[in-house]
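I have placed the structure first, in the form of structure tokens, so that the comments after it can refer back to it.
None of the figures in this text is laboratory data; all of them are computed from the coordinates on show. Predicted model, so just to flag it, every value in this text is computed and none were measured. Here the Cβ positions follow ideal geometry from the backbone for every residue, glycine too, while neighbour counts run over all protein chains shown.
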Amino acid sequence: MRIDRFLSNLPRFNRQQVRLLLAERRISVDGQPVTDPRQDVREFSRVECDGQILQAGKPARYFMLHKPQGCVSATVDPQHPTVLDLLDEPDKSDLHIAGRLDFNTTGLMLITNDGQWSRRLTQPHTKLPKVYYVETEQEIGPEYAATFRAGLYFAFEDLTTQPADLQVLGPKSARLSIIEGRYHQVKRMFGHFDNKVIRLHRECMGPLVLDERLAPGQYRPLSDAEICQI
């Protein structure tokens with residue numbers, strides 16, 4: 001929300017007062033004086049007028065988790081442990097998952113309370129690649145790469161997948177890069193060739209790469225540099 005709209009929505013200020021407060025540099029956002037009425041204010045922003053807090057804000061939180069097998073990508077589940085159960089953090093109910101993984105899929109998972117950040121990470125139009133290491137039951141033929149690059153038609157959704165890049169690593173292993181996250185997409189893509197995926201591991205999402213020092217089930221906060229990459 002724009003700062004002028006944010007202030008005008010408060011019962012204590014009218015529009016004329018808002019213009020004057022901004023012109024006199026009496027409003028600050030996250031400790032910085034603001035004069036531009038178009039300045040963006042988010043739920044995490046600390047907004048003050050003459051040192052008096054108008055919105056305390058709350059810290060934005062970002063975590064990288066190495067998801068293990070047998071763990072549900074959900075905030076609550078009555079039958080299975082969830083990825084949030086692996087976090088020793090306060091106020092976990094404020095957090096959500098940016099890009100889910102299947103029950104037995106392992107690898108990079110990002111967890112945050114910043115909805116705008118997670119949308120930038122997961123929306124298809126941002127075209128951030130999600131890279132997976134894949135092992136299959138049958139050998140991966142030379143026709144796979146061309147088919148994935150052209151896109152596959154999914155009848156259930158009545159859509160064709162975006163072009164995907166396949167790098168064959170061995171007879172039954174490959175690295176696949178996709179920019180979408182359709183339901184069981186990787187398994188369905190290999191299923192087009194009646195080839196079952198027996199291991200699936202997400203290595204990266206956009207510029208964020210799973211920290212190899214994290215064992216399955218371990219996590220760490222993202223650095224400021226990592227957060228700003230999205």
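Brief remarks follow.
- Distance between the C-alpha centres of segment 67-83 and segment 133-158: 28 Å, rounded to the whole angstrom.
- Computed helical MRE - 222 nm, the chain, DSSP H runs ≥ 4 contributing -39500 (n - 2.57), nearest 500: -4500 deg cm²/dmol
- Formal net charge of residues neighbouring Glu139 (Cβ-Cβ distance under 14 Å; K, R +1; D, E -1): -2
- Stokes-Einstein diffusion for segment 41-134 at 20 °C, viscosity 1.002 mPa s, with a Kirkwood radius from C-alpha pairs, works out to 142 µm²/s.
- Local electrostatic count at Ala164 - Lys and Arg +1, Asp and Glu -1, tallied over other residues with Cβ under 15 Å: +4
- Residues considered: Leu20, Leu214, Leu200. Largest GNM mean-square fluctuation over the chain, using C-alpha springs under 10 Å, is found at Leu20.
- Over 27 Å apart at the Cα level, from the set Lys58/Lys127; Lys92/Lys196; Lys130/Lys196; Lys67/Lys196; Lys92/Lys130, are Lys58/Lys127; Lys92/Lys196.
- For the chain, built as a Gaussian network whose Cα springs stay under 10 Å, the top-fluctuating residue of Met189, Met109, Met205: Met189
- Rounded to 5, percent antiparallel among DSSP beta bridges of the chain: 95 percent
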